[in-house]
Amino acid sequence: MDMKVLTVLGPMNAEYSNVPAPAPKGDMIKIKVMRTGICATDFAIFTGDCSFVRSGEIVYPVRFGHEFSGIVTEVGENVKDFKPGDRVYTDNGVSCGTCDACRDGRYGVCLNSRSVGTVNCWEGCFAEYMYMPERHTYHIPDGLSYEQAALIEPTSISLDAFTGVERKPGDVAVVIGTGAIGMASAWLAKYFGYEKVIVVGRSAPKLDVARKIGADDVISSREVDPVEAVMAVTNGKGADLVIETSGDRSALVQGINFTAKFGHISALSFYEYELNGMPIDRIVLNRITLRGGAGCFGYPQKVAKIMTEHKIDLTPVITHMVKFDDCLDFFKNEEKYHGAKVKAMVVFDD
């Protein structure tokens, strides 16, 4: 049996092909892909404008894609907790399964791990079927759709923004960027009880989506200076938590400049190049904590639970539905959709 896949052969060069779809062995699970989210990293791999391509950590050809949900079709002989027909989502990384850390369940410190569809590539989910080990596969909770489940992975990145941050009564969170990770960050900030959640972006349609998923206020960086606007809204104090998701270097600088004393900045984006002109002295003087976030093993399960509890629906971030057969055309013509696109979701034949 063959399956259809989409592979990037080089910058701006991708093609569909049919490859064998072998039966799973051992602890492996074969999953029919139902929904796949298109990530900014996927676009970067497609165009070649990606720091990991330049560093050699991503090597063409790449079967990309790492945000998906699906249904189990076959399981290996050692699989215990899954059977055909189960609805599932997975981690976006695959540990080796044999080292001391993996045997202890500490997958995040495995030195031989592979990233799904990206660095040290485990073949990704722009494909009709995925193969994943049982240890990285999870049941979709009852009541969640395939669309919601495919949003678990990007939302797990957003969850990392809150690691080590102690929220106090009255705290304000500001999210920079109106992509899916930015939106999910605002959605989580509402869930975690921030007094005010503000989203900064450039696109009016995307800022409208931010309001739908819980933002109390939005700031258009096309119309006003974000630093002045945030300082005005917070009566000169600044934001207690700033979550930078745009990948724009000037936006990160702005975020530093409107972070409150003893505040936190979580950077959840790749900036692709080294950053100059950083206001380091402001970080030092105001005792600001700046940390990166890229998700961790264990976070997807936490997000799935939050999705069952949160009163606000996250699915308005899905602004485009794309058939798998039309996926390559969408990549080639992304600029036509960019102004209104938050999350494009690829649909496979049910």
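The values are calculated or read from the model by the stated rules, or taken from the named source; none is laboratory data. Not measured: the values here are computed from a predicted model. FYI the Cβ positions are ideal-geometry reconstructions off the backbone, even for glycines, and counts take in every protein chain you see.
The table below lists the values:
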read-out	value
GLN301, sole failed condition from (1) of a type in the set (S, T, N, Q); (2) in contact (Cβ under 8 Å) with a residue 60 or more places away in the chain; (3) farther than 30 Å from PHE192 by Cβ	(3)
Meets criteria (touching a residue at least 24 places away in the same chain (Cβ under 8 Å) and surrounded by fewer than 14 Cβ atoms within 10 Å (Cβ to Cβ)) for GLU77	yes
Those residues of segment 118-142 which are in a loop (DSSP other than H, G, I, E, B) and either on the phi < 0 side of the Ramachandran plot or at pLDDT 95 or above (or both), in sequence order	THR118, VAL119, CYS121, GLU123, GLY124, CYS125, PHE126, GLU128, ILE140, PRO141, ASP142
Unmet criterion (only one of (1) more than 16 Å from LYS305 (Cβ to Cβ); (2) surrounded by fewer than 24 Cβ atoms within 10 Å (Cβ to Cβ); (3) touching a helix residue (DSSP H, G or I) at 6+ places or on another chain (Cβ under 8 Å); (4) of a type in the set (A, V, I, L, M, F, W, C)) for CYS121	(3)
Test set (1) within 19 Å of the chain's Cα centre (by Cα); (2) buried (at least 17 other Cβ atoms within 10 Å of the Cβ); (3) closer than 21 Å to ILE45 by Cβ - ALA304 fails condition number	(3)
Criterion (under 20 Å from ILE157 (Cα atoms), in the same structural domain as ILE71 (by TED's automatic domain parsing), of a type in the set (A, V, I, L, M) and touching a residue at least 24 places away in the same chain (Cβ under 8 Å)) met by exactly one of ILE306, ILE318, ILE265	ILE318
Qualifying residue in segment 232-248 (condition: closer than 18 Å to HIS338 by Cα and among the hydroxyl-bearing types (Ser, Thr, Tyr))	yes
Cβ-Cβ under 9 Å pairs, at least 6 apart or on other chains, segment 46-63 side in a loop (DSSP other than H, G, I, E, B), far side of a type in the set (D, E, K, R)	GLY48/ARG54; ASP49/GLU272; CYS50/GLU272; ARG63/GLU123
Any pair with Cβ under 7 angstrom, 6 or more apart, that starts in segment 156-169 at a residue that is surrounded by 16 or more Cβ atoms within 10 Å (Cβ to Cβ) and ends at one that is assigned to a helix (DSSP H, G or I) and polar (S, T, N, Q)	SER158/SER185; ALA161/SER185
Hits in segment 173-216 (condition: assigned to a strand (DSSP E or B) and surrounded by fewer than 24 Cβ atoms within 10 Å (Cβ to Cβ))	LYS196
Hey, PRO154 in a helix (DSSP H, G or I) and in contact with a helix residue (DSSP H, G or I) (Cβ under 6 Å, 6 or more places away or on another chain) or not	yes
Matching entry among LEU252, LEU290, LEU328 (being closer than 30 Å to ALA14 by Cα and not in a loop (DSSP other than H, G, I, E, B))	LEU328
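Results for (1) farther than 28 Å from THR315 by Cβ; (2) surrounded by 19 or more Cβ atoms within 10 Å (Cβ to Cβ); (3) in contact (Cβ under 8 Å) with a residue 12 or more places away in the chain; (4) not assigned by TED's automatic domain parsing to the domain that holds GLU335, shown as yes or no for each residue.
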{"position": "GLY10", "(1), (2), (3), (4)": "yes, no, yes, no"}
{"position": "SER17", "(1), (2), (3), (4)": "yes, no, yes, no"}
{"position": "ILE38", "(1), (2), (3), (4)": "no, yes, yes, no"}
{"position": "ASP42", "(1), (2), (3), (4)": "no, yes, yes, no"}
{"position": "THR90", "(1), (2), (3), (4)": "no, yes, yes, no"}
{"position": "GLY93", "(1), (2), (3), (4)": "no, yes, yes, no"}
{"position": "ARG106", "(1), (2), (3), (4)": "yes, no, no, no"}
